[in-house]
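Right, one structure below, let's go through it.
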Amino acid sequence: MPHTIDRVPGAGAPRAAEGTGSITRRGLLRAMGGVSAALALPTPTIGVAQTAAPTPVTLSVPGPGNSVSMPLELAVKLGLDRAEGLAVRMRFVGGGGVAIKELLSGNTDFAVFGLPAAMGTNVGERRLVALAALDDLPLYTLMVRADLAGSVKSVADLKGRVIGIHSNSLSTKTTSHLLADLVLRTHNVAPDGVRYIAAGQSWETQSAAFISKTVDASMCDEPFGTRLAEERLAFQLFSTGNPADARTTPGAGFLRATLIARADLVSARAGLAERMVKVVQRALAELARRTPEQIADVLELPAAERKAFVAVFRKYPRQYSTDGKFSTAQLRDTEAFFRASTAGDAAAQRFALDSMLVDRWAGRKP
C-alpha cells in the first residue's frame, strides 16, 4: 500500500512536486540520488514491517509545508511509519477546529494540533487525549498586510480590523484563535473589537488572504510568516518566538504541536497508539540529527519554500522536541495560557490538563 496524502477542503493544495504523495523506498532513493548515501539514511528493518501488511492509519495535520506538519511529512518520506508496521495517510486540514471535527467524527485516527484547543474540547467531557509532544517552542507570528505599515504600528492599532486565524468556529476555538484573543486583550483590544475569518494553515491559503486583502492581519504559522515578509506581502507585529513578545503573553511557551487521539480509540487500540507515538519519536530523532538543508533535501522543497524553512529552522533550533516527551514546565505553561485565554469561563478555569495526558509511551521530563 503506497503512502498517500489527502486534502480536506480548505486546507490548501499539496505541493505539485509531490504529485499524489505516493512513494516507495526505491523511488525515494532514486529521487535523492547520492544524497541518501551521503546522509547515511537508515533503512527500516523492523520485522513487523517486512513480514506483515502495514496497518492503515489516517492522520490529520495542518499544511502542507507547515512547521507542524514537517516532522510527519519527513516520517512518511523516510518510511518511518513502515518501520513501525503502519501506513500513514496524511490528511491536510485548515486548522485545529477541522482536525477536532475529523477526530470526533471518526474520519481520522490521530491528529496533530495545539494542546490548548484540545483542552477546550475536553471541558465537560474527556473525549480527546494527548499522546506525545512534537514541539518545544511554539511559533506563531502576527503578520500585518504590507500596505498598512503606515497605519498599523502596534497591536492596539488592529482595533476594528479583520484578523485571520486558522479556522473560525463558534463551537471550537483553535489555538490561534485563543492566542489572538489573548494578545489583543493584553494590548487593550477587546476580542469583539475585531472581526475574525478563517485563513487556513497552508501557504496557498495564508498568502492568498494577504494578496486578496481579505485580511488586514493574520496569526500565521511558520515558515509562512517568514516567507510573507520575504516576499513583502506582510510584516511581523508579534511573535511567540520573540522573547520580548513572549513576556507579554501568559504561558507563551505552551505546547502547540501535540499528537492527539480520541480517548476511546486509545482504550480500544493501545498498541496502535503506541506505534504512532514511536513513529513521532523516530521523526523527531531524524530532525535532531540532520541539518535544515538535509531535511529540505529529503522533503524536496521548492526554492522559496526551502529558503523560508531553512531560515526558520536555523533561527529557532529548539522549535521541535527531540524525543516526544511531555515537559512538565511546558505543560504548566500550557495550563497558564489556557486559563489566561479562557478568562471568565468557570468550567475552563477548573479544567485539569493532567486528566487528558496519556504519557506511558512518550514519557515525561522536567
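FYI, it's all coordinate maths here, none of it is from the lab. Computed from a predicted model, the values in this text were never measured in an experiment. Virtual Cβ from ideal backbone geometry, glycine too; neighbours counted across all protein chains shown.
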Glu274 and Asp147 label points (each 7 Å along its Cα→Cβ direction) are spaced in nm at 5.8
Please list, short to long, the whole-number percent of alpha-carbon pairs of the range 140-246 in consecutive 10 angstrom bins beginning at zero.
16, 55, 28, 1
Only bridges whose two residues both fall in the range 140-246 count here: according to DSSP, what percent of them are antiparallel, nearest 5?
60
Ala263 to Thr214: FRET efficiency via 1/(1 + (r/R0)^6), r the Cβ-Cβ distance, R0 41 Å, to the nearest 0.05?
0.65
Please state the charge dipole magnitude for the range 196-344, taken about the Cα centre, from unit charges on C-beta atoms (+1 on K and R, -1 on D and E), reported in debye and rounded to the nearest 20.
400
Which of the lysines could a cross-linker span from Lys278 if the Cα-Cα distance has to be under 28 Å and same-chain partners fewer than 8 positions apart are dropped?
Lys77, Lys101, Lys315, Lys325, Lys365
Counting other Cβ atoms within 10 Å, keep those with at most 14, restrict to DSSP loop, and tell me which GluC sites (Glu not before Pro) in the range 80-188 are left.
Glu125
Okay, which of the range 108-148 sit inside 14 Å, backbone N to the point 7 Å along the Cα-Cβ direction of Arg350?
123-126
